[in-house]
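None of the figures in this text is laboratory data; all of them are computed from the coordinates on show. Since this is a predicted model, take the numbers as computed values, not measurements. Because the Cβ atoms are built from the backbone with ideal geometry, glycine has one as well, and the counts that use them run over all protein chains shown.
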Amino acid sequence: MMTIEQLNKIKEEKRELVMVRKLIKEQGEEMAKHTGYKKQVLICGGTGCTSSGSHKVIETLEDSLKKHGLEKDILVVRTGCFGLCALGPIMIVYPEGCFYSQMTPDHIERIVEEHLKNGNVVKEYLYQETVHSDGSILSLNETAFYKKQMRVALRNCGVIDPEQIEEYIAVDGYQALAKVLTTMTGDEVIDEITRSGLRGRGGGGFPTGRKWAFAKATESDIKYVCCNADEGDPGAFMDRSILEGDPHCVIEAMAIAGYSIGAQKGYVYVRAEYPIAVKRLQIAVDQAREYGLLGEHIFGTDFSFDIEIRLGAGAFVCGEETALMTSIEGHRGEPRPRPPFPAVKGLFGKPTILNNVETNANIAQIILKGADWFSSIGTEKSKGTKVFALGGKITNVGLVEIPMGTTLREIVEEIGGGIPNGKKFKAAQTGGPSGGCIPASHIDTPIDYDSLIALGSMMGSGGLIILDEDTCMVDISKFYLDFTVDESCGKCTPCRIGTKRLNQLLEKITEGKGEMEDLEKIEELAKHMKSSSLCALGQSAPNPVLSTLNYFKDEYIAHIKDKKCPAGVCKKLMKYEIKPDLCKGCTLCARNCPANAITGKVREPHVIDQDKCIKCGVCMQNCKFNAIEKN
Amino acid sequence: MEKKSVHAFTGTAEQESQLKAVIKEHHDQPGGLMPVLQGAQEIYGYLPIEVQQMIADGLNISLSEVYGVATFYSQFSLTPKGKNRISVCLGTACYVKGADKVLEAVEKKLGIKSGECTEDGMFSLDSTRCIGACGLAPVMMINDEVYGKMTPEQVDGIIDKYAKAGDDQ
């Protein structure tokens, strides 16, 4: 068992080591002298950077430090996500705060020799945004990507080593749990969370405090706290990054929730597709048990709490709360009707609360800094920050955390660094297969729960996919419908058959066989699915279609009436043609055509046989005279 | 859905004792069927009917219940996977960056569709939903190796590397 004095002792011992990574240069340098390490090298070990090869960079670095006899002077820390995944693998050196991007093992020797040994930063390997025109080096927080961000949920990601509980304790970890257990009642905790205005970050935006209050009010000897880490929205990876970068913050929040509603056991339901997150979470749970922060009589109080990890098995519907609980119970993950709500009758028939990972990541901060601090951030009805996984056609692909109310324009143009290749911004998709799009005409909308609903989209879990002029809105709707057809569990008819029929109508349109009355059929069918599906999956499945139909109706009409795909995506509506006046008859296209669809004599204009053409575009890529056009 | 002919079950006694240990570990745990199926798939690589029967007997539940759960989740496979498991991410971020063309190129190269396995058992192909490496979109995975920023043109060379490694053995 651990006492609060012991917790504080660990905090004091490790504090300077971690604070070096948070302070501005001069203070950090001063503090570094007390830590026993001359420098600290932080390398991202999250999924993004690991996929780009960061593990090889770490191995090479450790070998090289040994070779130079520096292993005792330089501390290598494998952290979670820094956010700027597009530039991975990322490596930051403290106390200078130098941001090296796109590292490969080949870069390491020179950095060790010149920078870590002799103190000369290798400027050409730095993220170029951090190198000022006069040669001075900016800190990370001064770059466009980080300047407008505010890190609450991600506060420890990319700062601490997630596999060392002591580093979490050094940055006030488990202090909120200590405060709650020794100075607050369950009702006071719930009141604090309610007053903060925190709403669920998993999609629906239900007030977290109210959810807890319902579960507290239900009488039962056994209650459960569940954490939804089944992040199924394709293109969203916020929850994964929190679990990989700061798993203890989720454990601490679940224990706090358990104390306030009177639960003794927690379950984390996490996607099996996230091996690194699962591993770090398991290490964190084991360490918390070892330190007595989970288990019997935490901090010597009457409160006992433990957590079990359950792996999902690749079913999107299990992100829905009742389906998730059915899955933990070991059954097919099908949703059940509500009411009864889980706060009354949830997991194994007992009162249960379910919070998403990012929601949990805010809890300890609210307890330590107060509800007033949290509610001072954000807009009137959406408090705090939101983490978005910024992806698609955007320069700075990665993870961003912004105060609620930041405009889409700020995210796309400033933080995101704009659209690559000089293309035009067309729309942003939020909420994944349950959400919709925000067109360019609404780019100045401040982002919060209510403004997104008003635009026909939703906050969702935080996937933010940027689409440019090359994206066909009918095709993207069909993409989402393909997804919901696959993922519909089949239990209720409106969803099982509705998604399939809706998809068929869209297929008809993308193949050029659509009729104007199909648009009415889509709206009619969507209305019924929304009102009669059993769970949110079916109720929200028509959203991507309705939203694009609302803002981009002309594109649907072009597919139906003109049999054209304006973005040039839908293959059945596309035609490659050779302009006879530009064709020199070089035969290059004919020789490269995989379908033998191009004929013609040498030095005479060639022709594409439209019946044979498979629309692969190889001819257009190979033509040296720009003689092939796509219509 | 299952088009392939029934594969002869080739489980060993050692695998069976591993499975029994997994069943014992989760026997009294509420909702233990999922962890048992996950353990069984790790041991056998897939969940043939023989294995499902052993699980049903071990946990004292009906085979239909085991089969119902095994077929509900996409992670569980009732047919063997290839020696090299290829998955192309079709998450949104990858899709808008042309992942469908990468998948097409792989299908063409191997002569199989997504969800199938080559006849020689060397490669199986699946499309997955978001492995979370959106910064590298479009992404393809072969076993545990991630290939980012893929183009259809790179597919041939990468697969050949694995085919050659198989020939050399």
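Is the C-alpha gyration tensor of the range A:172-370 telling us rounded, prolate or oblate? Criteria: a/c under 1.5 is rounded; beyond that, a/b larger than b/c is prolate, otherwise oblate. Rounded is the answer for the range A:172-370, as its axis ratio a/c remains below 1.5. Phi angles of the range A:611-624 translate, via the Karplus equation with coefficients 6.51, -1.76, 1.60 and θ = phi - 60°, into HN-Hα couplings of 6, 8, 4, 9, 6, 7, x, 4, 4, 5, 5, 8, 5, 8 Hz per residue; Gly and Pro are given as x. Compared with the dominant Cα axis of chain B, that is its longest principal axis, helix B:99-110 is turned about 80°. A Stokes-Einstein calculation at 20 °C with viscosity 1.002 mPa s, built on the Kirkwood radius of the protein assembly as shown over Cα pairs, returns a diffusion coefficient of 76 µm²/s. Once the chain from A:Asp302 to A:Asp134 is taken as fully extended at 0.36 nm per residue, the excess over their C-alpha distance is 54.4 nm. Quick check on the range A:425-487: take the gyration tensor over C-alpha atoms, sort the square-rooted eigenvalues as a ≥ b ≥ c, and tell me if it's rounded (a/c under 1.5), prolate or oblate. Oblate shape, in that a/c is at least 1.5 and b/c is the bigger or equal ratio.
Eigenvalues of the alpha-carbon gyration tensor of the range A:4-139, scaled by 5 and square-rooted, set the equivalent ellipsoid semi-axes at 24, 18, 16 angstrom, largest first.
Shape of the range B:84-168 from the C-alpha gyration tensor: prolate (a/c of 1.5 or more and a/b above b/c, with a ≥ b ≥ c the square roots of its eigenvalues). The C-alpha atoms of chain A define a longest principal axis, and helix A:357-369 lies at about 40 degrees to it. Apply 1/(1 + (r/R0)^6) to the Cβ-Cβ distance of A:Cys586 and A:Asn631, taking R0 = 25 Å, and write down the FRET efficiency to the nearest 0.05. The value I calculate is 0.70. What you get for chain A, charging only the Cβ of Lys and Arg (+1) and of Asp and Glu (-1), is a dipole of about 1640 debye around the Cα centre. Residues in the range A:191-197 carry Karplus couplings, in order, of 4, 4, 5, 4, 5, 5, x Hz; the curve used is 6.51 cos²θ - 1.76 cosθ + 1.60 with θ = phi - 60°, and Gly or Pro positions show x.
Positive contributions from Lys and Arg (+1) and negative ones from Asp and Glu (-1), summed over other residues with Cβ under 13 Å from the Cβ of A:Ile160, come out at +2. Shown for A:Trp373, A:Trp212: other C-beta atoms within 10 Å of each C-beta, ranked fewest to most, produce the order A:Trp373, A:Trp212. In plain terms, chain A is cut at each of the GluC sites (Glu not before Pro) found in a DSSP loop with at most 13 other Cβ atoms within 10 Å, and the longest leftover piece is A:1-218.
Remark: mean inter-chain Cβ contacts per residue of A:227-239 equal 4, using a 10 Å Cβ-Cβ cutoff to other protein chain atoms.
Assuming charge only on the beta carbon of Lys and Arg (+1) and of Asp and Glu (-1), the dipole of the range A:17-144 about its Cα centre is about 380 debye to the nearest 20.
Legend: ranking of residues B:Leu19, A:Leu84 from fewest to most surrounding C-beta atoms inside 10 Å; resulting order B:Leu19, A:Leu84.
Sorted by mean Cβ packing within 10 Å, highest first, what order do the peptides A:195-203, B:130-138 take?
Going by the mean number of other Cβ atoms within 10 Å, highest first, we get B:130-138, A:195-203.
Amide H contacts for A:Thr407 (H built 1.01 Å from N in the peptide plane; partners 5 or more residues away or on another chain; cut-off under 5 Å): A:Ile447. On the beta carbon distance between A:Asp286 and A:Lys521, with R0 = 60 Å, the FRET formula returns roughly 0.65. Counts of other chain beta carbons within 10 angstrom of each beta carbon in peptide B:133-143 average 6.
Compactness of the range A:463-603 was expressed as the Cα radius of gyration divided by 2.2 N^0.38 Å, which yields 1.34. Each residue of the range A:506-511 was assigned a 3J(HN,Hα) from its phi angle through the Karplus curve 6.51 cos²θ - 1.76 cosθ + 1.60 (θ = phi - 60°); the sequence is 5, 4, 4, 5, 5, 8 Hz, with glycine and proline shown as x. When the Cα convex hull of chain B is projected onto planes of every orientation, the mean area is 11.1 nm². Amide H contacts of A:Gly436 (H built 1.01 Å from N, in plane; Pro and chain starts excluded): A:Thr430, A:Met458 sit under 5 Å, all sequence-distant by 5 or more or on other chains. In this structure, the amide hydrogen of B:Asn84, modeled 1.01 Å from its nitrogen in the peptide plane, lies closer than 5 angstrom to those of B:Phe123, B:Ser124, counting only residues at least 5 positions away or on a different chain.
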